[in-house]
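Asker: Here it is: the structure, laid out below.
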Amino acid sequence: MDFRPTEEQTLLRRTVREFAETEIRPHVREWDEDQKFSPELMPKLAALGLLGIQYPEEYGGAGMSALDYCICLEELARVDPGIALSVAAHNGLCSAHLFRFGSEAQKQQFLVPLARGEKLGAWGLTESTSGSDAASMRTTATRTGECWVLNGSKTFITHGRISDVMVVMAVTDRAAGRKGVSAFVVERGTPGLAAGKKEDKLGMRASDTSEVLFDNCRIPADAMVGAEGQGFVNTMEVLEAGRIGIAPLAVGLAQGAYEAALRYARDRKSFGKPIASFQAIQWKLADAATKIEAARLLTYQAAFLKGRGQRTTLESSMAKLYASEIAVKVADDCVQIHGGYGFVKDYPAEKYFRDVKLTTIGEGTSEIQRLVIARQLLSA
Ligand SMILES: Cc1cc2nc3c(=O)[nH]c(=O)nc-3n(C[C@H](O)[C@H](O)[C@H](O)COP(=O)(O)OP(=O)(O)OC[C@H]3O[C@@H](n4cnc5c(N)ncnc54)[C@H](O)[C@@H]3O)c2cc1C
């Protein structure tokens with residue numbers, strides 16, 4: 001495997017970095033305080049192809065590779081992890097589900113405007129009583145004549161209140177357990193679909209998260225995505241690829257935190273010297289740089305294999321687990337290196353520290369990644 005970037009990938013990284021520096025960096029504090037995904041960013045992200053990164057051009061996408069997808073998310077997360085989370089949920093969950101399992105008609109109707117960035121996507125799996133144990137969901141879809149009727153609610157949904165299109169999982173046959181879950185595509189404005197509570201979050205506040213409510217929400221029979229009863233199995237496949245979105249997000253976040261720490265360590269003087277001259281600080285920086293590089297390589301390996309069309313259950317979980325856990329450590333050390341200034345909002349350290357925690361929770365907690373990894377090891 002050769003992970004040296006091609007000329008196109010170097011250019012891609014530079015382009016997304018410049019975009020993030022000019023269009024996102026000046027608003028990071030404001031969006032964090034306002035706690036909302038900024039709608040004016042949508043056309044700008046779309047113009048760079050960042051809302052349809054890995055989808056073919058015939059579906060309105062930018063036709064980039066799985067590795068390119070990682071580069072884009074790293075560069076967004078380096079500046080604002082919340083924006084990277086929104087881009088990852090739109091691309092890697094909602095659009096990915098439609099691309100992998102949707103009919104041609106669903107791709108034309110929903111994926112094309114999502115990939116062009118004309119519409120914003122959401123993906124609803126989690127419920128208030130079922131997160132890690134997603135198969136025990138309570139939301140139902142009941143067939144009545146030519147319609148499916150959705151009842152229930154979803155919790156912690158990225159873009160839940162503001163999406164135009166949502167892929168939602170619901171029970172179609174309770175007795176069949178995991179094989180009784182199906183996926184559906186629902187459009188904003190459908191009667192019976194309503195936004196629930198907007199979450200007031202610790203971090204990732206530039207990304208909108210809310211509850212979604214279904215009260216006798218009638219959707220057409222052809223709104224089912226994939227085969228009946230395959231919704232949960234398909235969801236596991238979507239998440240396997242989705243984790244190669246959270247992993248680069250964590251790598252990019254760690255990179256941003258590390259760079260902030262390095263900058264501060266060079267500037268800040270203590271006992272008459274820059275704190276970067278103290279071995280205690282140098283070791284933190286050396287450990288951070290080494291761990292980030294290792295996490296990046298695990299992430300690129302998973303993306304490389306995914307790009308070859310392979311299943312990557314083991315590699316995706318290893319990359320997501322490792323990248324998120326080292327990112328938590330790097331963000332912690334970034335605050336420590338900033339001392340008291342790491343605790344106040346004038347410096348970026350405290351925001352990385354708040355944002356990073358989501359990476360060990362979303363798209364499967366660290367405990368669930370270890371469970372997936374162990375199952376793979378034991379079944380080999
Ligand atoms: C900002 C944000 C955005 C999100 N976006 C989305 C989205 O767009 N769509 C969506 O569907 N969901 C989304 N989620 C939900 C997220 O995927 C879940 O929060 C996550 O899967 C964990 O589920 P839970 O919160 O119910 O925790 P629980 O499953 O209740 O877990 C609680 C604790 O128990 C541990 N645990 C649970 N089961 C086991 C086990 N078998 N072995 C060991 N430990 C276990 C967990 O690891 C965790 O530490 C989002 C969450 C957040 C915070």
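Asker: Within the set of other residues whose C-beta is less than 12 Å from the C-beta of E363, count the net charge using Lys and Arg as +1 and Asp and Glu as -1. Intermediate values should be presented prior to the final figure.
Answerer: Numbers: positive: R243, K320; negative: E240.
That sum, taken over residues with Cβ under 12 Å, equals +1.
Asker: Return a whole-number percent for the relative contact order of the chain, with Cα pairs under 8 Å and 6 or more residues apart as the contact set. Intermediate results must be reported in sequence, preceding the final value.
Answerer: Values: 750 pairs, mean separation 62.9, N = 380.
Here the relative contact order equals 17 percent.
Asker: Something else: Can you tell me what percent of all Cα-Cα pairs in the chain are more than 41 Å apart? Display every interim value, and only then the final one.
Answerer: Details: 8567 of 72010 pairs.
Pairs farther apart than 41 Å: 12 percent.
Asker: What number comes out for the charge environment of V149, summing +1 per Lys or Arg and -1 per Asp or Glu over other residues with Cβ under 13 Å away?
Answerer: Numbers: positive: R143, R218; negative: E146, D215.
That works out to 0.
Asker: Quick check on the range 81-127: take the gyration tensor over C-alpha atoms, sort the square-rooted eigenvalues as a ≥ b ≥ c, and tell me if it's rounded (a/c under 1.5), prolate or oblate.
Answerer: Working: a/c = 2.44, a/b = 1.43, b/c = 1.70.
Oblate is the answer for the range 81-127, as a/c is 1.5 or above yet b/c matches or exceeds a/b.
Asker: May I pose another question? Cα gyration tensor of the range 86-155, axes a ≥ b ≥ c as square roots of the eigenvalues: rounded (a/c below 1.5), prolate (a/b > b/c) or oblate?
Answerer: Cα axes put the range 86-155 in the oblate bin.
Asker: Mark the label point 7 Å from the Cα of E118 along Cα→Cβ and return the residues of the range 43-72 whose backbone N is within less than 13 Å of it.
Answerer: 59-61
Asker: Determine the sum of side-chain charges near E104: Lys and Arg each +1, Asp and Glu each -1, restricted to other residues whose C-beta is under 14 angstrom from that of E104. Don't jump to the answer; show the numbers that get you there.
Answerer: Working: positive: R100, K107; negative: E58, D222.
Result for the local shell: 0.
Asker: For F353, tell me the accessible area in Å² from a 1.4 Å probe, rounded to the nearest 10.
Answerer: Counting only protein heavy atoms, the figure is 100 Å².
Asker: When the Karplus curve 6.51 cos²θ - 1.76 cosθ + 1.60 is applied with θ = phi - 60°, which whole-Hz ³J(HN,Hα) does each residue of the range 169-177 get, with x for Gly and Pro?
Answerer: The phi angles translate into 9, 8, 7, 9, 8, 4, 5, 7, x Hz.
Asker: How large is the helix-only mean residue ellipticity at 222 nm for the chain, computed as the sum of -39500 (n - 2.57) over DSSP H runs with n ≥ 4, divided by its residue count, in deg cm²/dmol to the nearest 500?
Answerer: On the way: 12 runs with 174 residues, N = 380.
Calculated at 222 nm, the ellipticity per residue is -15000 deg cm²/dmol.
Asker: Still on this structure: List, in order, the whole-Hz ³J(HN,Hα) value for each residue of the range 100-114 obtained from phi through the Karplus relation with A = 6.51, B = -1.76, C = 1.60 and θ = phi - 60°; use x for Gly and Pro.
Answerer: Along the range 100-114, the couplings run 6, 10, x, 6, 4, 4, 5, 5, 5, 6, 10, 5, 4, x, 5 Hz.
Asker: Continuing with the same structure: Quick one: accessible area per residue over the range 49-204, 1.4 Å probe, rounded to a whole number of Å²? Show your work: numbers first, answer last.
Answerer: Numbers: 5440 Å² over 156 residues.
Each residue of the range 49-204 exposes 35 Å² on average to a 1.4 Å probe.
Asker: Could you check how much of the accessible area of the range 235-380 is carbon and sulfur, as a whole percent, using a 1.4 Å probe? Present the calculation step by step, with values, prior to reporting the outcome.
Answerer: Numbers: 3960 of 6710 Å².
Answer for the range 235-380: carbon and sulfur cover 59 percent of the accessible area.
Asker: I've got another one for you. How much of the calculated P(r) for the range 227-380 lies past 21 Å, in percent of all Cα pairs?
Answerer: On the way: 5809 of 11781 pairs.
Everything past 21 Å amounts to 49 percent.
Asker: Follow-up question, since we're still on this one. What order do R370, R178 take when sorted by accessible area (1.4 Å probe), most exposed first? Please list the in-between numbers first.
Answerer: Numbers: R370 115, R178 140 Å².
The residues order as R178, R370, largest area first.
Asker: Specify whether the C-alpha gyration tensor of the range 29-132 places it in the rounded, prolate or oblate class, a ≥ b ≥ c being the square roots of the eigenvalues: rounded for a/c under 1.5, otherwise prolate if a/b is larger than b/c and oblate if not.
Answerer: On the way: a/c = 1.64, a/b = 1.20, b/c = 1.37.
Since a/c reaches 1.5 but b/c is at least a/b, the shape of the range 29-132 is classed as oblate.
Asker: Could you tell me what percent of the DSSP beta bridges with both partners in the chain are antiparallel, to the nearest 5? Intermediate values should be presented prior to the final figure.
Answerer: Values: 30 of 35 bridges.
The antiparallel proportion sits near 85 percent.
Asker: Still on this model: Which residues' amide hydrogens lie under 5 Å from the amide hydrogen of V225, considering only partners 5 or more residues apart or on another chain, with H built in the peptide plane?
Answerer: Residues meeting the criterion, in which the H sits 1.01 Å from N, are A183, F184, V185.
Asker: Got a sec? What order do S324, S103 fall in by accessible area at 1.4 Å, biggest, i.e. largest, first?
Answerer: On the way: S324 0, S103 55 Å².
From most exposed to least exposed: S103, S324.
Asker: Sequence-distant or interchain residues sharing an amide H contact under 5 Å with E199, placed H: which?
Answerer: Distant-sequence amide H within range of E199: T209, S210, E211.
Asker: Ok, one more. What residues qualify as long-range amide H neighbours of T126, i.e. H under 5 Å apart, gap of 5 or more or another chain, H built at 1.01 Å from N?
Answerer: Those lying under 5 Å, H to H, from T126 are T155.
Asker: Between A323, A176, A257, find the one with the highest GNM mean-square fluctuation for the chain; connect C-alpha pairs within less than 10 Å.
Answerer: A176
Asker: Go through the range 30-47 residue by residue and turn each phi into a ³J(HN,Hα) via Karplus (6.51, -1.76, 1.60, θ = phi - 60°); whole Hz please, and just put x for glycine and proline.
Answerer: Taking θ as phi minus 60°, the curve returns 4, 5, 5, 6, 6, 6, 8, 6, 6, x, 5, 7, 3, x, 6, 5, 5, 4 Hz for the range 30-47.
The values are calculated or read from the model by the stated rules, or taken from the named source; none is laboratory data. Predicted model, so just to flag it, every value in this text is computed and none were measured. Positions of Cβ are generated from backbone atoms using ideal geometry, with glycine treated the same way; all protein chains shown enter the neighbour counts. With ligands, DNA and RNA removed, areas are computed over all heavy atoms of the protein, side chains included. Shrake-Rupley method; radii C 1.70, N 1.55, O 1.52, S 1.80 Å.
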